[in-house]
Number of protein chains: 2
Amino acid sequence: MNIWQGIIIGALFAPSVWAATTPASMDQDLAYQLVESLTVEVGPRIAGSEADRRAVQWALNKFTQLGYDKVWTEEFDMPGWTRGQASLEVVSPFAQPFVLTSLGGSVGTPKAGIRASVVMFDSIEALEKADAAAVKGKIVFINKPMTKDKSGSFYGQVVAARSRGAVEAAKLGAVAIVIRSVGTSNNRFAHTGTMKYDETIAKIPAVAISVPDAQNLAKMLERSSRVELKLQMENQLEKATSHNVIAEITGTEKPEEIVLISGHLDSWDQGTGALDDGAGVALVMATGALIKQKIKPKRTIRVVLYGNEEGGLLGARAYAAKHHKDLDKHVLAAESDFGAGRIWQIESRFGDKALPFAKELQQKLAHLDIALGGNSTYGGPDVSVLAQAGVPVVALSQDGTDYFDYHHTPNDTLDKIDPDSLKQNLQAWLIMTETVANSSVNLRH
Amino acid sequence: MNIWQGIIIGALFAPSVWAATTPASMDQDLAYQLVESLTVEVGPRIAGSEADRRAVQWALNKFTQLGYDKVWTEEFDMPGWTRGQASLEVVSPFAQPFVLTSLGGSVGTPKAGIRASVVMFDSIEALEKADAAAVKGKIVFINKPMTKDKSGSFYGQVVAARSRGAVEAAKLGAVAIVIRSVGTSNNRFAHTGTMKYDETIAKIPAVAISVPDAQNLAKMLERSSRVELKLQMENQLEKATSHNVIAEITGTEKPEEIVLISGHLDSWDQGTGALDDGAGVALVMATGALIKQKIKPKRTIRVVLYGNEEGGLLGARAYAAKHHKDLDKHVLAAESDFGAGRIWQIESRFGDKALPFAKELQQKLAHLDIALGGNSTYGGPDVSVLAQAGVPVVALSQDGTDYFDYHHTPNDTLDKIDPDSLKQNLQAWLIMTETVANSSVNLRH
C-alpha cells in the first residue's frame, strides 16, 4: 500500500484530534474573541491610515499573547488613498439627495462640484458599445443588479463596472461615473471597493449609490430624459506604507517547510471590517495558536495577515516578491476572506498525484458537512498571487449567500457574524492546517 | 328591526362593491403609483423645508388630477428645524467613528465640538435614579434595545429616551446625550425622531447611534471605564410655515357631515418617506378618488394630509384649532400612519350604541383577514388630536412587525413597500370609507 492509501485509511478510522477531543470550550470561542477585539478596539482600518498602524500593533500584540514562536512585520510602499466628504444630489427635476460612497482610489471633483445630466446603461458592456455623442459631457450611470448565491459567483460579472467603469466612461467623454452598488441587499447603503484608472485616459470621479437610490434614479429617468445631478467629492492620494504581519509556529521536523494560512488585516472604512476580513484574521490567528497548545507540528505554520488587500492585493504582491526565493518551500497556502458563513466545500489546486490528499482532507472534514470540490481554485484573493507562482492552495469555501449584503458597506459589523458558524470554520481550519503541517505530503504539480 | 340590524344583515349578504367588483385593475395599483410618485418626484420632505413646499404642490396637483371636488391648503406656523453636519467619534482608547443622526429639534454643539467621557444607562428610568456626581460633565449613553411586535407596542417604552432623555440628562449635569436607536433592526442606520427640551433646563445636544454602534460602545465600556467621545453637530432652528393639504369629495345628501381620512405629508429627511408616511398619503388620496369614480357618497369624504406630524403633530393641532367649531360635524376620523403592512385588525372609539357598526365594518372586511379589535383606539398620531376632542375614530391596524426596521432611517424607501400588502390596505380603506360615507350612522358617545 502506498503512502496515500495509508493516509486515507488512517483518516477514515482516526477522526481528527479536533473533532474527537475539543469540547465546547474557550478554544472554540477564540476566533470570535479575536474578531470582537479587532472590531471593538481598532475598528475600520483602511490601508496606510493611522488606524491601519494600530491594527498592525494589535496583531503583533495578539500574536505574542497567543504564544507564537516568531512574530514580525514586513513593510511595503503603497499609494495611500483617503476618503473625503462626498455628496450627490439630484438638482432637477426631482431634487433630492442620494446615499453614495466614493470608490476606492477615485479622484475628487473640483470644489464647486460637477453638474451634468445622466445617461444610464444596464451594464459596462452596454456602455462600451455606446456612441461618444450620447455620453460626452454627461454623468454615466451603470445600473446593473447583482444576484445572490452561495459562492458569490455573480460578483465578478457586476464588479467590472466598479473596477473599470471610470476608464470606459472617460473614453467616451463622460465627466463622472455613478454605479449601482455591487451588492445584494436593498438596504440603503452604498458599497465601496477599489477602482482603477488608465494613465492614458482622463481620470473622472467614480462613486456608487445604494440600490434603493439606483432604483429611484432609474424611475426618474423613466419620467424625464434630462435628470441633472451634482457631485462633490474630496479625496486624497499620497505615498504611504503598510505592513504584512507574520507569525509562526516553528515546525519540529521540517521547520523550513511552510504551511501558510492567511487573511487580510486591512478593511474598508465604512464598516468595522468584521466580515471582511476580521473573521479571516481571527480564524487563522486562532488556528496557529490552538494547534500549538495541543501538538508540536512537524512543519512550520506561518500565519500571514496581509496588508492592503482592498487596494489591489498589495501586501500579497509584496510578500510574493520578498519571499520569491522561498516559495518552493511553501507546502501549501490558504486564506479565509469570504466572511463568516459555514464552510460547505473544500477545493484544491494540487498536483495530480496529490489529489488523494484532497480527498483525505475532505474526509476529515466530512463531519462538519464539508464536501469535496474541484482542483482549480485560486485559493482566495491574496493567496491567488502565490497560486500563480506555483504554490499549492486549498480553499475552505464559506457559504457567502449573505456576504454581499454586508461586504464593503457600513453594515460590515460584528453583529453580522454568527458565532456558531465561526466555530465550525475554526474546526475546519484546525483540522486542515494540522493535517498538512503534520504530514510530509508534497502537493505540487 | 332597527337600522343597525338592517345594516348588519345587509353587510352579511351584500359583499362590498370593492370586494365584489374590483378586478386586478389599475385602481388597485393607484396607491402604489401615488407613493412612487411622491418618493421619486419629491423624496424627503421635512416640515418647513423647500422640499415640504414641493410636496404640498405635488399633493395639490395630484388631488386635482384625481378629480376631487375641492382642494385647498391651510397654512400654520411652526419652528423650522434644519439638520446640519454631525459626527461622533471615539477619541480614546479605541478611536473610530460612529454612525449617528441628530435627533429632531436638537441644538448643535460649539464649533469645536464636545469632548467628554461616557456614562451608560440601560434605560431612562435608570438615568433618572442616577447620582448627579456620576453624570456631571459626561455624555450620557442610553442603551435600551427595542423588541419587535405586530403592533409596535414596545416603541412607547423605548422612545422616552429620545423624547425626554436630553432633559433628564441635563438635569444631572450631562453635556450631551447619545441614545441607542429606537428601532428593531441591526442595520447600521441611526434612527432619528423628535425630541423635546424644557425651557427651564439647559439644552444639550441629543443624537442617536445605530444599534451596531451602540453594541460596540457597550463592549468598549466593558473594556475601559473611560471611553471618550467627541461630538460635533450643526443644526438650525428658525421660524417657518407648513401646510395641511385638504381635498373633498362632496356628499350628495349630507355634505356638511364629514368623514375624515388622513395621513401626513411631511417625512423625516434621512429616507424618502415611503413607509412614513408616503404609503398613508397614497392610500387616503386613492380612497377618495376611487370612491368618486364608482358612487356618489351621501356624506362628504375629506382627505387631510397633515403637515409636520414628525415635529409633534403640529398640522393636526392646527387643523383641530381651525375647525374646532365644525368638529361635531366630523362623523369619523381615521389615519394611515404605520407603514404599509397588511391590515389585520379594525379598532374603534365609538359611542356604546354604535358598537354594532364596528362589528358591521369588520364583517365587511373579514374577507381581507381583518379581525375586530377593541373600542379604545387613539386612531393614529394626528387623529388622536381629534379623538381627544370627541370625534369618533377607527384604526385599520397594519402589521408593523418590520416597521421599526425602517422607520425614521435612511432605509425608509419605496422598495420596502410590498405592493400586494398596499392593495389589501387600499381595499380595506375603500370599504370602510364608503360604508361610513354612505350611511347615516352616528358614531358618537
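The values are calculated or read from the model by the stated rules, or taken from the named source; none is laboratory data. Everything numeric in this text was worked out from a predicted model, so none of it was measured. When we count neighbours, we look across all protein chains shown, and the Cβ atoms used for this are built from the backbone with ideal geometry, even at glycine. Remember, those area values only see protein heavy atoms, side chains included, never the ligands or the DNA or RNA. Shrake-Rupley method; radii C 1.70, N 1.55, O 1.52, S 1.80 Å.
Points to keep in mind about this one:
- The range B:87-236 - percent relative contact order, Cα under 8 Å, separation 6 or more: 39 percent
- Solvent exposure of the protein assembly as shown as accessible area per residue, Å², 1.4 Å probe: 37 Å²
- Coupling constants for the range A:258-268 follow from the phi torsions by the Karplus curve (6.51 cos²θ - 1.76 cosθ + 1.60, θ = phi - 60°), and in residue order they are 10, 9, 9, 10, 8, x, 10, 7, 6, 9, 5 Hz; glycine and proline get x.
- Buried on complex formation within the range A:222-246 (loss of at least 20 square angstrom of accessible surface versus the isolated chain, 1.4 Å probe, ligands and nucleic acids ignored): A:223.
- Partner aspartates and glutamates for residue B:294 [C-alpha distance under 15 Å; skip if fewer than 8 residues away on the same chain]: B:27, B:69, B:434
- Under 5 Å, built H, 5+ apart or other chain: amide partners of residue A:252: A:298, A:299
- Within straight-line cross-link reach of residue B:322, lysines at Cα separation under 21 Å, skipping those fewer than 8 residues along the same chain: B:70, B:239
- Note on residue A:295 and residue A:57: their simple-model spin labels are 3.7 nm apart, each label 7 Å out from Cα toward Cβ.
- Accessible surface ranking that places the most exposed of A:264, A:367 first, with a 1.4 angstrom probe: A:367, A:264
- Put a plus charge on the Cβ of each Lys and Arg, a minus charge on the Cβ of each Asp and Glu, and nothing anywhere else: the dipole of the protein assembly as shown about its Cα centre is then about 400 debye.
- Of the three principal axes defined by the Cα atoms of the range A:82-237, the extents in descending order read 43, 37, 33 Å.
- 0 to 90° range, to nearest 10: angle between helix A:419-437 axis and chain A longest Cα axis: 50 degrees
- Near residue A:110: Cβ cut-off under 14 Å, other residues only, Lys/Arg at +1 and Asp/Glu at -1. The net charge is +3.
- Carbon + sulfur, % of accessible area of the protein assembly as shown - ligands and nucleic acids excluded, 1.4 Å: 51 percent
- Among B:397, B:439, B:417 the positive-end extreme of the charge dipole of the range B:387-445 (Cβ point charges): B:439
- On Cα atoms only, tilt of B:3-13 relative to the major axis of chain B in degrees: 90 degrees
- Taking every DSSP beta bridge that has both ends in the range A:82-237, the antiparallel portion is near 60%.
- Between B:216, B:375, B:411, the residue with the greatest mean-square fluctuation in the GNM of chain B (Cα pairs under 10 Å linked by springs) is B:216.
- Helix-only mean residue ellipticity at 222 nm for chain B, each DSSP H run of n ≥ 4 adding -39500 (n - 2.57), per residue, nearest 500: -10500 deg cm²/dmol
- Note: relative contact order over chain A, using C-alpha pairs below 8 Å and six or more positions apart, is 22 percent.
- Based on the reciprocal of the average 1/r between different C-alpha atoms, the Kirkwood radius for the range B:383-429 equals 13.0 Å.
- With 20 Å bins from 0: P(r) over the protein assembly as shown, alpha-carbon pairs, percent: 14, 39, 32, 13, 2, 0
- What the Cα atoms of the range A:213-271 give is an Rg and a Dmax of 24.5, 72 Å.
- Folded to 0 to 90 degrees: helix A:50-65 orientation relative to chain A principal axis, Cα: 10 degrees
- With a 10 Å cut-off around each Cβ of B:409-419, the average count of Cβ atoms from other chains is 4.
- Number of Lys pairs (Cα under 19 Å; 8 or more positions apart or on different chains) in the range A:82-237: 19
- Counting only other chain Cβ atoms within 10 Å of each residue's Cβ, the peptide B:96-107 averages 2.
- Taking θ as phi - 60° and the Karplus parameters 6.51, -1.76 and 1.60, the scalar couplings of the range A:328-339 work out to 5, 8, 7, 5, 7, 10, 8, 9, 10, 8, 8, x Hz in sequence order, x denoting glycine and proline.
- Look at where the Cα atoms of the range B:101-149 and of the range B:260-277 average out, and the two centres are 28 Å apart.
- Fluctuation leader among B:252, B:413, B:109 - chain B, Gaussian network, Cα springs under 10 angstrom: B:252
- Across the range A:177-183, rounded Karplus estimates of 3J(HN,Hα) from the backbone phi angles (6.51 cos²θ - 1.76 cosθ + 1.60, θ = phi - 60°) give 10, 10, 10, 5, 3, 7, x Hz, Gly and Pro being marked x.
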